[in-house]
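Peer 1: One structure follows; several queries about it will come next.
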Amino acid sequence: MRKNKITLSHIACFVALQCSLPVALPGYAREYFNPAMLGIDGPGKDITDLSAFEEGVGQMPGTYHVDVVINNAAQGTYDIPFSMQKNAQGQQSLQPCLSIDMLKSFRIRTELFPQLVGDGQCAVLNAIPMASAEFDFNHQRLLLSIPQAAVSTMARGWVAPDRLDEGINALLLNYTFTGGNTSARQSGNSDSDSYFLNLRPGLNLGPWRLRNYSTWNQNKTGDTKEESWDSVYTYAQRDIIALKSQLTLGDSTAPSDMFDSVPFRGVQLASDDDMLPESLRGYAPIIRGIARTNAQVSVKQNGYVIYQTYVSPGAFEIADMFPTGSSGDLDVTIKETDGSEQHQVIPFASLPVLQREGRLKYSVTSGQYRPYDGDIDKEWFSQATAIYGLPAGFTLYGGGQFAQHYQSLLAGFGKNLGELGAFSVDGTQAWSTQQDTDKESGQSWRVRYSKNMLATGTNISISGYRYSTSGYYSLSETLDTWRENEWKTSNERRRNRAEIMLNQSLGDVAGSLSVNAVSEDYWNSDREMRSIGVGYSNSFSGITWNLNYSYNRNTTAGRDSDKVYSEDQVFTLNFNIPLDCWLSNSWASYSLNTSKRGDTSHTVGLNGTALENQNLNWSIQESQTNHGQGNGGYANLDYQGTYARVNAGYGYDHDQRNLNYSIDGGIIAHAHGLTFSQSLGETAALVEAPGVSGVEVTNQTGVKTDFRGYTVVPYLSPYRENTVGLNPETLPDDADLTLTNQILTPTRGAIVRARFDTRVGKRVLMTLTRSNGKTVPFGAIVSVHGENQAQSFIVGDAGQVYLTGMPLSGSLLAKWGNAASEICKVTFQLPEEDNTIGVMQTNARCN
């Protein structure tokens, strides 16, 4: 038999032939895959209909959960139906079915294109010239390209009103309990106990939010016990989207951007800046202070205790106060273990009232004056304010307050000075009649200024000065004199007030400096108040240190007594050194604390975080003081769990031992039961992942689904897009998620539902064989029979299909064409053992 030989000449001819083929073929020829090739290993096999894949689409028509992106701007996540259609180039592709209402919500000017309305519910997108839609299947994104002329101009961060979620109907409760027990170690001293309970119940019903804020406080020293229960406020509130406003009925406080804050019980309609896009809206106070010992810090606002906690010696910062809906200065009391107290006044005021051109911000309030003292008459009053943005950076504002014994009018303007900052000036004319006195009148003038100098790193967040004449009284000062008893309050009132809050960056190497100061004096009194705080901080190679100085002076004088004053100055130096080389997530600290009273202490400590999610904070401190006080120590644990946050601390010194503890959390009662959580913010999300427990919520410390698959994301931003996700790496072996992230846009105070479709059950690799002995063909679509769900499975080679979330028994439907012979049904029964471990392999007959 002659052997065939391949020579170089043969190869050359073959290469030349191959190179010439593209020239001979038509330029429009397309690639084509013959489905019969799938049966090359078994002639006569049934072939799956692959027409959906021939044009390069690669996916079947159906409903997909996609992110909609218009002109590179994300619009949100929607369930969009897709069908096979020809695009503008005449090629088959998956095209979306978008309704006219949906296009309007995307700010597309549908009124300009009447041809958008087709025969069905789907808009004819080609009616907009140059418009196109592309389905990025790999990233599950629908990319819409719309000419700019066809899109309404909206500010960055704008959210369509129809996308806002009012949330579910629910009962909710926030609670905080703190306690402290002190045991005296020296004769002559008494044991003491202190307890504080804060309850914030609420009800969400449609767009309405009913809220209450109540506190209970008990202090016991020896045989003396003081106890009080206060309802700080109760109100019902809802938003009015069209007016970008909040309607409040009940207890609240009138806005303080012009007049001093006034508590009332009545009705209020006021603008809500959070409804504006982020690019169009302009503070919650951070309390800083210095404690000499393991101190109790209490915060009062408008006479109510709104916050209480325990701090270690040294500088502290409180940034997690629950908003009370009020405004006005914060009275901070730092009660040391030796019984001494420090008092600070933290200015809580808004920045200059500048508004963008054309923006109107308003408030209208009417109701009864709601004083802290129950003996004061609850006189009716009304207040109205308006702020309007004018061209050239000007803002005009004004308002009035009207009651039987008090009337006032205010007018002012603000100006954006560009590189020089921003300021506002206003004047108030008031007419007041105090109890048992004649009517008086007076004026008050105020200047406020702010500046953020990027070049020098200087930020003057609040700087203001106010002068009031001797005949000027505020609304509260006047109404507080009208009492049921004959006791009369002091007629002292504020004459001058100056305040400043400044932050200065000194560069990457030199650190930063902060200064805040408040000064007040009064008519008809020698009383003066001065409060100054200066801080410096820096870091190097992970080591941080800071210096803090605090000066507080309060002078009082009675008409028949000599001048009495209290004055204190405290200086602290703190170092924090990371110890990751020896103990991960831990730090060593040193603190020097000295005061004008002559008290000096040195404190060393260790602190850090523990557990997998770093949700356990721990600290140990040891200190030494002068004046023969000896040594003292303190240990603290703080655990942030799924259902609550728990804190416990123990300390001792020469005079006493003290134990303090706290717990705070939230509860939501909804249609599917009770869900316990961490303390709830104003707006929250109820996460539902039925049947899946212990799954972590991404970017949330300590938040996991409970035994039923429910949990709460305690803080969301209202009128903004919020992404809530589950960590798939923490899913049980027998569970899968269709989606791991959802985008929520809640209204203020809403409890919005974030439901995740879960598939809990076996993971199965099933080989499907038909009644004729042949396997179900490659590419067939398998779905769980009788279930209305988008998830389906595709058959691979040799009739094998990978299934997830399968029950122990049920039926499947396999389809590889439209004919009756191209559809079959599988009835299966899986063994119960090893239900949650690994992948089970089994065979099933498809009839």
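The values are calculated or read from the model by the stated rules, or taken from the named source; none is laboratory data. In this text the structure is predicted, and so the values were computed from the model without any measurement. Reconstructed Cβ throughout: ideal geometry from the backbone, glycine too, with neighbour counts over all protein chains shown.
Peer 1: (1) within 19 Å of the chain's Cα centre (by Cα); (2) crowded, with 20+ Cβ neighbours inside 10 Å; (3) in a loop (DSSP other than H, G, I, E, B); (4) of a type outside the set (Asp, Glu): which one isn't true of VAL712, the others all being true?
Peer 2: (3)
Peer 1: Going through the stretch 83-98 one residue at a time, which ones are more than 10 Å from LEU142 (Cα to Cα) and at pLDDT below 90? Write out each step before concluding.
Peer 2: From the stretch 83-98, those more than 10 Å from LEU142 (Cα to Cα) are 83-94, 97-98; that's our starting set.
If the condition is that a residue be more than 10 Å from LEU142 (Cα to Cα) and at pLDDT below 90, then SER83, MET84, GLN85, LYS86, ASN87, ALA88, GLN89, GLY90, GLN91, GLN92, SER93, LEU94 are the ones that fit.
Peer 1: Now a separate question. Which one of these does ALA750 not meet: (1) under 22 Å from LEU172 (Cα atoms); (2) more than 15 Å from the chain's Cα centre (by Cα); (3) hydrophobic (A, V, I, L, M, F, W, C)?
Peer 2: (2)
Peer 1: What is the number of the single condition among (1) among the hydroxyl-bearing types (Ser, Thr, Tyr); (2) closer than 30 Å to GLY666 by Cβ; (3) more than 21 Å from the chain's Cα centre (by Cα) that TYR175 does not meet?
Peer 2: The one condition TYR175 does not meet is (3).
Peer 1: Among the listed residues LEU686, LEU674, which satisfies the condition of being hydrophobic (A, V, I, L, M, F, W, C), touching a Lys or Arg at 6+ places or on another chain (Cβ under 8 Å) and modelled with pLDDT of 95 or more? Before the answer, list the steps.
Peer 2: Working: LEU674 fails: touching a Lys or Arg at 6+ places or on another chain (Cβ under 8 Å).
LEU686 is the lone residue from the list that is hydrophobic (A, V, I, L, M, F, W, C), touching a Lys or Arg at 6+ places or on another chain (Cβ under 8 Å) and modelled with pLDDT of 95 or more.
Peer 1: Which residue pairs have Cβ atoms closer than 6 Å, lie 6 or more positions apart in sequence or on different chains, and pair a first residue in the stretch 221-242 that is more than 30 Å from ALA750 (Cβ to Cβ) with a second residue that is part of a strand (DSSP E or B) and not basic (Lys, Arg)?
Peer 2: Here the result reads THR221/SER192; GLU226/ASN219; GLU227/GLN218; SER228/ASN217, each pair linking the stretch 221-242 to a residue that is part of a strand (DSSP E or B) and not basic (Lys, Arg).
Peer 1: Considering (1) more than 25 Å from GLU622 (Cα to Cα); (2) modelled with pLDDT of 85 or more, say which one GLN296 fails and leave the rest.
Peer 2: For GLN296, the exception is condition (1).
Peer 1: Which of the following residues is buried (at least 16 other Cβ atoms within 10 Å of the Cβ) and within 25 Å of GLY464 (Cβ to Cβ): GLY367, GLY400?
Peer 2: GLY400
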